[in-house]
Amino acid sequence: MRSLSIRTLSLTIIAGVFAASAACSDETQSAGTRTEEAALVRVTPQGGSTNVDPNARIQMEFDHPMVDGVEALCAVHLGGLDGEEVPGAWEWSEDHHVLTFTPHDSLQLDREHTLHVGGGITDRHGHGMDFDQHGLDMGGHWVDEEMLGEHGGMMGGHSHMGDGWQHHSGYYGMAFSFRTTADSAPKVALLRVSPEGGSTNVDPNERIQLEFDHPMVDGVEALCAVHLGGLDGEEVPGAWEWSEDHHVLTFTPHDSLQLHREHTLHVGGGIIDADGHHMDFDQHGLDMGGHWVDEEMLGQHGGMMGGHSHMGDGWQHHNGTYGMAFPFWTAP
């Protein structure tokens with residue numbers, strides 16, 4: 001009896017070890033899969049955007065370098081997913097993180113357009129896509145057969161149901177619909193602010209960046225400032241630098257930002273692009289935590305006092321405000 005009990009106990013222990021190992025293996029594999037999948041981290045314009053400049057760049061940014069050729073699994077449609085594809089060219093950034101679509105002609109005014117990102121695109125290591133992290137937050141929606149119109153479903157003829165378009169979830173990727181402006185006058189959009197307004201625990205050594213959809217003119221960086229505290233706080237000393245294509249403006253402070261303090265990035269309302277087009281903050285600015293700047297927000301130097309340097313030439317927007325502000329807090 002004692003021998004049998006020992007044998008039974010040994011088998012129980014061995015079984016437990018195998019079960020624990022299997023569970024650990026499954027957990028590791030699951031965690032590895034989540035870690036290895038590529039994420040779509042930025043879409044421009046986001047789904048649901050309106051008044052989009054018909055000459056604005058259409059872009060996607062991924063957190064992994066992507067493989068050449070997956071751009072064939074992306075398309076821009078006039079109207080919905082069953083609308084005709086907009087002719088144009090796709091181009092990768094040098095690091096293969098950003099994919100840009102340039103239509104052969106300007107997009108049609110006051111029309112819905114839809115960016116479709118195929119579910120089967122992969123990074124350079126063959127890892128599949130994770131749309132869930134950010135896709136829905138950027139106005140995207142999953143694409144099923146019915147959404148592909150009369151060519152989907154039982155008809156089965158839609159080209160976006162072919163090889164590579166289907167995601168492992170069963171959907172055919174994700175779609176981002178937007179509407180172009182009815183106004184033919186070109187305007188510049190502020191596409192990205194880093195850190196966004198309302199951010200907390202910001203690394204005091206993190207880059208402060210602005211990205212525009214048009215190449216900007218040299219000198220407008222003088223209409224941007226980073227303050228310690230609110231808009232009436234002292235300006236943080238540092239240097240502004242343009243990317244080679246003049247789309248991205250980076251601020252590097254001379255010293256690290258102060259810990260656990262509010263800071264405010266102020267973007268003047270009168271900045272223009274290389275062709276003299278004015279700013280349109282409405283498209284994305286408010287969604288990125290920005291708020292309009294009026295005289296009262298400029299502190300004791302604003303209003304009737306009129307002495308604030310950010311109320312001088314170039315700072316005022318055509319809507320009467322003094323641009324947009326993006327406050328954030330550094331980490332303790």
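Please treat every number below as a calculation from the coordinates, not as lab data. These figures come from a predicted structure and were not determined experimentally. Quick reminder, even Gly has a Cβ in these numbers, built from the backbone with ideal geometry, and neighbours come from all protein chains shown.
So if I take the alpha carbon set of the range 38-179, get Rg, then get Rh from the Kirkwood formula, what is the Rg over Rh ratio?
Numbers: Rg = 14.0 Å, Rh = 15.0 Å.
So for the range 38-179, dividing Rg by the Kirkwood Rh gives 0.93.
Over all directions, what mean area does the Cα convex hull of the range 188-329 project, stated in square nanometres? Walk me through the numbers before you get to the answer.
Numbers: hull surface 30.9 nm².
Here the figure is 7.7 nm², rounded to one decimal.
For a quick protection proxy, order the peptides 316-324, 174-182 by their average other-Cβ count within 10 Å, most packed first.
Working: 316-324: 18.0, 174-182: 20.8.
Highest-to-lowest ranking by the protection proxy: 174-182, 316-324.
In whole Hz and in residue order, list the ³J(HN,Hα) couplings for the range 51-57 that follow from phi through the Karplus curve 6.51 cos²θ - 1.76 cosθ + 1.60, θ = phi - 60°; x for Gly and Pro.
For the range 51-57, the Karplus curve yields 6, 6, 4, x, 9, 5, 6 Hz.
Which net charge results for the neighbourhood of Phe251, defined as the other residues with beta-carbon distances under 12 angstrom from its beta-carbon, given Lys and Arg at +1 and Asp and Glu at -1?
It works out to a net charge of -3.
Count charges around Gln108 for me, please; just the other residues with Cβ under 12 Å from its Cβ, Lys/Arg as +1, Asp/Glu as -1. It would help to have the intermediate numbers written out before the result.
Values: positive: Arg111, Arg179; negative: Glu84, Asp105, Asp110, Glu112.
Residues close to Gln108 contribute a combined charge of -2.
How would you order 283-289, 213-219 from highest to lowest mean count of nearby Cβ atoms within 10 Å?
Final packing ranking: 283-289, 213-219.
What does the charge count near Thr330 come to, summing +1 for each Lys or Arg and -1 for each Asp or Glu among other residues with Cβ under 15 Å from its Cβ? Please report the intermediate quantities before stating the final value.
Numbers: positive: Arg207, Arg261; negative: Glu196, Asp203, Glu206, Asp255, Glu262.
Here the count lands on -3.
Place the peptides 262-271, 80-89 in order of packing, highest mean first, counting for every residue the other Cβ atoms within 10 Å and averaging per peptide.
Numbers: 262-271: 22.2, 80-89: 13.9.
For the peptides 262-271, 80-89, the packing ranking is 262-271, 80-89.
Given the options Ser169, Gly128, Ile58, identify the residue whose Cα lies farthest towards the positive end of the charge dipole of the range 38-179 (+1 on Cβ of Lys, Arg; -1 on Cβ of Asp, Glu).
Among Ser169, Gly128, Ile58, the one farthest towards the positive end of the dipole of the range 38-179 is Ile58.
Might you report the magnitude of the Cβ-based charge dipole of the range 38-179 about its Cα centre, with Lys and Arg at +1 and Asp and Glu at -1, to the nearest 20 debye? Show your work: numbers first, answer last.
Working: 5 positive and 23 negative charges, 35 e Å.
So the magnitude is around 160 debye.
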